[in-house]
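Peer 1: What follows is a single structure, and I will ask about it in a moment.
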Amino acid sequence: MSEVRRKPVAKNADKKAQEKQSTGASLQKIGSRKRLSAWGAHHQLVAAETLLRLLKNPLASLLTWMVVAIALTLPGALWMALDNMQQFSGRFQESGRISVYLQPGTDVVQGRELAQRIDRLPGVAETEFIDADSALDDFRANSGLEAALDFLPENPLPSVILVEPPLQLPHAELMKLVGQLNNYQLVDTVQMDMAWLERLQAILDLSERLIWVLGILLALAILLVVGNTIRLAIAARVDEIRVVKLVGGTDAWVRRPFLYTGLWYGMVGGLLAWLLLIICWALLQGPVAQLAELYGSGFTLKPLSAGAAMILLLAAMILGWLGAWWSVSRHLGEIEP
Amino acid sequence: MTQGNSNVMVRFDRVSKRYPGGKEALSGVSFDLHRGEFAFLTGHSGAGKSTLLKLMMLMERASRGQVFVDGLNLNRLRPSQVPYLRRKVGVVFQNHQLLFDRSVYDNVALPLQIAGYSPADAGRRVRAALDSVGLLGMEKRNPIELSGGEQQRVGIARAVVNKPPLLLADEPTGNLDPELSAEIMNLFMRFQQVGVSVLIATHDIALVERLGHRRLILDHGQLHEGDVIAGGQYV
Ligand SMILES: Nc1ncnc2c1ncn2[C@@H]1O[C@H](COP(=O)(O)OP(=O)(O)O)[C@@H](O)[C@H]1O
Ligand SMILES: [Mg+2]
């Protein structure tokens, strides 16, 4: 019955639409654009309102801000340290050198020949052969132990080939080269001046893993603390939520202020973390420079890079937002008019 | 069923409601409320008046039967559509549910803000709504400073500001003296005159009889039309 009734109306509407197509279309457009701009305006309004609400009463939010800030500062400081150590290890990579000690009693001709063969290997930039006698002369000249050496019945030093790999040779290639060198019959031991560097690399790898583990744990802490703060904010506004739902507020509308609040908690916490990191850097920079100077190095502590700082802030805002989302989705459903 | 009939604002079709673990609050209730119609819903305390109103807002869902509001089958309404149903229905409660952390103006403007009106449009409509309940000068006041009757009228302004086709009220005069009650009822009747369907739950029998409109009478969850039962024996 309603079908029958509707049809002529629809036909009429069609005709009208044809007649006034242009006007109708533009009216429609203005309508939806108006709606969209109202939606955008509400976002702006809520963003500003929630931020003002937080800033107006900073003491109430201070605890949350500080927890977020500290939770971000810890991995941030580690990140800064790691960045610096990588810069440090990069500098030393350049002076990597391999000492190939030959069997005792290897004569000079054999040694020179081996040095030339090694020189032709891929992954070798330069070799230098030092026979046992000149090694002893060197030692005598530099060590000041002349008298003691005279007591020895024979030369205690082996001949040695110094092998210089090219700059920035990948670690795996370097290890392959060492294996090759070890395989020569004349070779007694192969010593890398970079054994310590390898350890440093291992420490760096470990630190990176540590930052991840710590970062994930502290991210969880941020989720929990923001989530709990938002839970309290929801509890304080139960009446308002009921009324809003009663007069037709959608879930998105009800959620919006809480999500923005979470975002602001993350942002303010992130900015405070920047401040803490700058303070850390300022406190450590002097002593580190002093220590480096004692080791004859011009090393200086760099602050966290701008890119890393932005990532930290962004992560903080996303975590704050997620914490709010988690809390809101758990508690908002329970509040019905 | 002819639920598409554009003349029907609300249709209850053999609706029952049983609360979890409770007895039946409504049993087999059927009635139509037409567009622009005004009706009272009366009955003893616990008869099911509030439950009936809540079903129309989907604050509760029917256990059996079907409820239609403005052609919408509420049984089939998805949760995401509920807010849009509620924008079509203005409600006034005895505990007026005003927010005391904001002005009268902001209380009344809330439904418009939610529906996405621009501040200028909203301003015009809020003032019109406040004017219609006689509170035009009180926009900036906090509702907590107002008398009970004035607060109730702010609640009514909020319920009608979005021009909903259906207006529901649950004991809107519960706390008010007879004079104020009559004033509030007059207000509701004026909305009916501009085409709004109005359903008012009340146990103020004297007032209802004096005003003489259609009466729906609930008795232990069962509905009777007032004009069928002479002498109001179910009251
Ligand atoms: N949320 C609820 N849970 C359980 N029982 C309820 C609930 N709300 C109302 N009731 C019961 O349903 C019946 C009808 O209540 P109600 O609709 O509030 O009546 P009225 O508004 O006419 O006084 C009463 O027996 C009441 O105890
Ligand atoms: Mg009731």
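The values are calculated or read from the model by the stated rules, or taken from the named source; none is laboratory data. Fair warning: this is a prediction, and the values are worked out from it, not measured in the lab. Every residue, glycine as well, gets a Cβ built from its backbone with ideal geometry; the counts of neighbours run over all protein chains shown. Calculation scope for accessible area: heavy atoms of the full protein, side chains included, ligands and nucleic acids excluded. Shrake-Rupley method; radii C 1.70, N 1.55, O 1.52, S 1.80 Å.
Peer 1: If you take the residues of region B:24-46 that are within 16 Å of ligand 2 (Cβ to nearest atom) and open to solvent by less than 20 Å² (accessible area, probe 1.4 Å), which of them is nearest to the other protein chains (Cβ to nearest Cβ)?
Peer 2: Per the stated criteria, the residue is B:A25.
Peer 1: Identify the single condition in (1) open to solvent by 30 Å² or more (accessible area, probe 1.4 Å); (2) within 14 Å of chain A (Cβ to nearest Cβ); (3) among the aliphatic types (A, V, I, L, M); (4) in contact (Cβ under 8 Å) with a residue 24 or more places away in the chain that B:A120 does not satisfy, given that it satisfies every other one.
Peer 2: (4)
Peer 1: Those residues that are under 20 Å from B:L218 (Cα atoms), within 16 Å of ligand 2 (Cβ to nearest atom) and open to solvent by 60 Å² or more (accessible area, probe 1.4 Å), I need them from region B:47-95; list them, please.
Peer 2: B:K54, B:Q94
Peer 1: Test of understanding: among B:S132, B:S147, B:S103, which residue is of a type in the set (S, T, N, Q) and surrounded by fewer than 15 Cβ atoms within 10 Å (Cβ to Cβ)?
Peer 2: Residue meeting the stated conditions: B:S147.
Peer 1: Given the criterion in contact with a Pro (Cβ under 8 Å, 6 or more places away or on another chain), assigned to a helix (DSSP H, G or I) and either within 14 Å of chain B (Cβ to nearest Cβ) or farther than 30 Å from A:Q86 by Cα (or both), identify the matching residue among A:V243, A:V226, A:V254.
Peer 2: After ruling out the rest, the residue left standing is A:V243.
Peer 1: Follow-up. I'd like the full set of residues that are touching a helix residue (DSSP H, G or I) at 6+ places or on another chain (Cβ under 7 Å) and in a helix (DSSP H, G or I), limited to region A:303-317.
Peer 2: A:A308, A:A309, A:L312, A:L313, A:A316, A:M317
Peer 1: Does at least one position in region A:289-296 carry a residue that is open to solvent by 30 Å² or more (accessible area, probe 1.4 Å), over 30 Å from B:L168 (Cα atoms) and outside any helix (DSSP H, G or I)?
Peer 2: Looking for residues that are open to solvent by 30 Å² or more (accessible area, probe 1.4 Å), over 30 Å from B:L168 (Cα atoms) and outside any helix (DSSP H, G or I), one finds at least one in region A:289-296, hence yes.
Peer 1: Here is a check on your reading of the model: is B:G21 in a loop (DSSP other than H, G, I, E, B) and open to solvent by 40 Å² or more (accessible area, probe 1.4 Å)?
Peer 2: Spelling it out, B:G21 is indeed in a loop (DSSP other than H, G, I, E, B) and open to solvent by 40 Å² or more (accessible area, probe 1.4 Å).
Peer 1: Let me ask you something else. Out of all the residues in region B:61-82, is one or more within 11 Å of chain A (Cβ to nearest Cβ), closer than 26 Å to B:K163 by Cβ and assigned to a loop (DSSP other than H, G, I, E, B)?
Peer 2: Yes - at least one qualifying residue is present in region B:61-82.
Peer 1: Go through region A:87-170 and tell me which helices (runs of 4 or more DSSP H), entirely inside it, have 2 or more residues that are open to solvent by less than 30 Å² (accessible area, probe 1.4 Å) and modelled with pLDDT under 85.
Peer 2: The qualifying helices (runs of 4 or more DSSP H) are A:132-143.
Peer 1: Out of the residues in region B:161-177 meeting the condition of being open to solvent by 20 Å² or more (accessible area, probe 1.4 Å) and over 18 Å from B:N95 (Cβ atoms), tell me which one is farthest from ligand 1 (Cβ to nearest atom).
Peer 2: Result: B:K163.
Results for (1) within 16 Å of ligand 1 (Cβ to nearest atom); (2) at pLDDT below 90; (3) more than 21 Å from B:A39 (Cβ to Cβ), shown as yes or no for each residue.
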| position | (1), (2), (3) |
| --- | --- |
| B:P143 | no, no, yes |
| B:G155 | no, no, no |
| B:E179 | no, yes, yes |
| B:M189 | no, no, no |
| B:G195 | no, no, no |
| B:D204 | yes, yes, no |
| B:D219 | yes, no, no |
| B:L223 | yes, no, no |
| B:Y234 | yes, yes, no |
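Peer 1: Which one is nearest to the other protein chains (Cβ to nearest Cβ), of the residues in region B:153-180 that are in contact with a helix residue (DSSP H, G or I) (Cβ under 6 Å, 6 or more places away or on another chain), of a type outside the set (A, V, I, L, M) and not in a loop (DSSP other than H, G, I, E, B)?
Peer 2: Here the residue is B:R158.
Peer 1: Does region B:24-60 hold any residues that are more than 16 Å from ligand 1 (Cβ to nearest atom), assigned to a strand (DSSP E or B) and touching a helix residue (DSSP H, G or I) at 6+ places or on another chain (Cβ under 8 Å), and which are they?
Peer 2: Across region B:24-60, the qualifying residue is only B:F38.
Peer 1: Name, by its number, the condition in (1) in a helix (DSSP H, G or I); (2) open to solvent by 50 Å² or more (accessible area, probe 1.4 Å); (3) under 25 Å from B:L26 (Cα atoms) that does not hold for B:N186.
Peer 2: (3)
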